[in-house]
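Some notes on the structure that comes next.
What follows is calculated from the coordinates using simple rules that are stated; it is not laboratory data. Remember, predicted model here, so these are calculated numbers, not experimental data.
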Amino acid sequence: MYFGETIIGITVMLVVMLVHLMATYILIDNTDPYETLLSQHPRLRLMVALVLANVVLLGAHLVEVGIWAVVYAAKGLVVHHEDAYYSAFVNYTALGYGDSLQETSTRLIGPMTAGSGIMMFGWTTALLFYVIQRHLPEVRRPKRVRRAPAHEEAVQEATGGESSPIVRS
């Protein structure tokens, strides 16, 4: 009983991972074309990159939940097939509302769904950090050059050196 559920869970987790990998490739392939288009507007480019990443990754998560929902319906884990997506989503996000009841004959599918969701959300977080890190150096404003106050410039001119440091306590 548990061996069969484990095999099903691992197989579905691998399929879900492949869906997320495809979403990752879509992001990689679609970030380069608009890079030169928005080169003069780095903040806008970061915003577009984050919106694109969020849309693609959210779509991937919805497909992944759908894959788990097919398993829930096929294994008879929900009374009504319409509840399969909701039940899979509750487990995938590890919310555990308790209002979607499953048969006790399959106890590993729910936790494996939660494990899959946790791993995919971690992957999504890593990708969003990657997008931010990739664009952040260009978004940062150049550092301001600190001008010395007028009295310091006068001291430097008069003495030919720097003024003594200001000690603050």
From phi via Karplus (6.51, -1.76, 1.60), per-residue ³J(HN,Hα) for the stretch 65-71 in Hz, x at Gly/Pro: 4, x, 5, 5, 5, 4, 5
Tell me, what HN-Hα J-couplings in whole Hz come from the Karplus equation 6.51 cos²θ - 1.76 cosθ + 1.60 at θ = phi - 60° for each residue of the stretch 38-44, using x for Gly and Pro? 10, 5, 7, 10, x, 5, 5
